[in-house]
Amino acid sequence: EAGVTQSPTHLIKTRGQQATLRCSPISGHTSVYWYQQALGLGLQFLLWYDEGEERNRGNFPPRFSGRQFPNYSSELNVNALELEDSALYLCASSPGTQGWGYTFGSGTRLTVV
Amino acid sequence: AQSVTQLDSQVPVFEEAPVELRCNYSSSVSVYLFWYVQYPNQGLQLLLKYLSGSTLVKGINGFEAEFNKSQTSFHLRKPSVHISDTAEYFCAVIPGGSYIPTFGRGTSLIVHP
């Protein structure tokens, strides 16, 4: 069974540009979660999608947005990139709304220069 | 808001020695508790979880953790570590009524030969 896949693995962008990160959940998982892992800050919750709808949002500005497609894959968009957006972005999926079924992907390393 | 404190940012230990990684959380009526491990350049992998029942939880790779409600702690232990246990370890908590885990900042376990 394929795990949670994220693409691209690495992404380098210039300040002010937009970045798009993608996540494919495990087959049968309907919930997708996005986390930002910045150096020394642990994992900060960004967004939660379930059945195509945004269910919850962390304490991040509106330039962080996303969506979930009918096949449950998800996209995270970061507009007007700032240097401090440089981080590892992790996606996780779960079979329902309970957070204890999490499976994480390997992440996308975003570097803003 | 729920908070999770991992008291040690770094724990150095020699191979075959025992180790304890500490985790405390802010009080809540009921909680679900988790430990995750992150190897370099990878996502997070679930080590173990406490949902209910016995307060001593056994996980993968020989790790175990004990839920102590009165001390609001969920410390992770292993009686004898290996070089391969070198990784970042994250404690996470889901408070009752919530679906989103709150993660600690992580503890870097460094196993020396």
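For the range A:93-113, what are the residues that are outside any loop (DSSP other than H, G, I, E, B), at pLDDT 95 or above and either out of contact with any Pro (no Cβ under 8 Å at 6 or more places or on another chain) or within 7 Å of chain B (Cβ to nearest Cβ) (or both)?
The answer is A:109, A:110, A:111, A:112.
Among A:74, A:7, A:65, which is the only one that is farther than 21 Å from residue B:90 by Cβ, at pLDDT 95 or above and within 14 Å of chain B (Cβ to nearest Cβ)?
Within the list A:74, A:7, A:65, the selection yields A:7.
I'm trying to understand the selection: among the residues of the range A:31-57, which are in contact with a Phe, Trp or Tyr (Cβ under 9 Å, 6 or more places away or on another chain), open to solvent by 20 Å² or more (accessible area, probe 1.4 Å) and not basic (Lys, Arg)?
Matches in the range A:31-57: A:37, A:44, A:45, A:51, A:52, A:54, A:56.
Does the range A:74-92 hold any residues that are open to solvent by less than 20 Å² (accessible area, probe 1.4 Å), of a type outside the set (A, V, I, L, M) and outside any strand (DSSP E or B), and which are they?
Passing the criteria: only A:85.
Residue A:48 versus (1) more than 14 Å from chain B (Cβ to nearest Cβ); (2) under 14 Å from the mean Cα position of the chain (by Cα): which is the lone unmet condition?
Among (1) more than 14 Å from chain B (Cβ to nearest Cβ); (2) under 14 Å from the mean Cα position of the chain (by Cα), residue A:48 violates only (1).
Within the range B:31-44, can you find the residues that are touching a residue at least 12 places away in the same chain (Cβ under 8 Å) and open to solvent by 60 Å² or more (accessible area, probe 1.4 Å)?
Correct list: B:32, B:40.
So which strands (runs of 3 or more DSSP E) are wholly in the range B:45-113 and hold at least 2 residues that are under 16 Å from residue B:13 (Cα atoms) and open to solvent by 40 Å² or more (accessible area, probe 1.4 Å)?
B:107-112
The values are calculated or read from the model by the stated rules, or taken from the named source; none is laboratory data. Just so it is clear, the model here is predicted, and its values are computed rather than measured. Please note: Cβ atoms are built from the backbone with ideal geometry, for glycine as well, and neighbour counts cover all protein chains shown. Keep in mind that these areas ignore ligands, DNA and RNA; they rest on the heavy atoms of the full protein, side chains included. Shrake-Rupley method; radii C 1.70, N 1.55, O 1.52, S 1.80 Å.
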